[in-house]
1. Only residues that are open to solvent by less than 80 Å² (accessible area, probe 1.4 Å) and out of contact with any helix residue (DSSP H, G or I) (no Cβ under 9 Å at 6 or more places or on another chain): list them for the range 48-61, please.
2. Could you list all residues from the range 55-103 that are touching a Phe, Trp or Tyr at 6+ places or on another chain (Cβ under 9 Å), part of a helix (DSSP H, G or I) and within 15 Å of Lys113 (Cα to Cα)?
3. Taking the range 65-78 on its own, how many of its residues are more than 14 Å from Ile103 (Cα to Cα) and open to solvent by 40 Å² or more (accessible area, probe 1.4 Å)?
4. Might you check whether a residue that is modelled with pLDDT under 95, surrounded by 11 or more Cβ atoms within 10 Å (Cβ to Cβ) and in a loop (DSSP other than H, G, I, E, B) occurs anywhere in the range 24-40?
5. Residue pairs, Cβ under 9 Å, 6 or more apart or interchain, first in the range 73-84 and free of Cβ contacts under 8 Å to residues at least 60 places away in the same chain, second outside any strand (DSSP E or B) and acidic (Asp, Glu). List them.
6. Out of all the residues in the range 79-96, which are open to solvent by 30 Å² or more (accessible area, probe 1.4 Å) and under 15 Å from Thr52 (Cβ atoms)?
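The values are calculated or read from the model by the stated rules, or taken from the named source; none is laboratory data. The shown structure was predicted, so the numbers you read here are calculated from the model rather than taken from an experiment. No Cβ is skipped: glycine too gets one built from the backbone with ideal geometry, and neighbour counts run over all protein chains shown. SASA here: full protein model, heavy atoms, side chains in, ligands and nucleic acids out. Shrake-Rupley method; radii C 1.70, N 1.55, O 1.52, S 1.80 Å.
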Amino acid sequence: MNNMKRIITLFVIAAAMLSVNPQPAQASVPGRVTIQDSKQKANKTETVVFETSMHCDKCVKKITDNISFEKGVKDLKADLPTKTVTVKYDPAKTDKSKLAAAIKKLGYTATEKADK
């Protein structure tokens, strides 16, 4: 029984040591993408504003319910008074043309609003 306790204790210590695996610092090498670089890219988002042909609350709900689940969409706001849809998205997963196509597929116009 004493040997069993020792084996279990050694197993727990080994598991703890394996779970704490410090990564050595890596120097930045041109052309090499590190995990940290990938995380920084993953946190980048872009925003686009589309002028649409929505005209009622049902339109807002339809766009919100469908476009919110498009790949790469992080945030979406549909504003009925201005007939605009503002989409915050991950450019690594989607782009403006795909988002516009998704809105058009629902039966609405989707024109990127020009900056003023």
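1. The answer is Val49, Cys56, Cys59, Val60.
2. Lys96, Leu99, Ala100, Ile103
3. So the count comes out to 2.
4. yes
5. Every condition considered, the pairs that remain are Val73/Asp90; Lys74/Asp90; Leu76/Glu70; Leu80/Asp57.
6. Matches in the range 79-96: Asp79, Leu80, Pro81, Thr82, Lys83, Thr86, Lys96.
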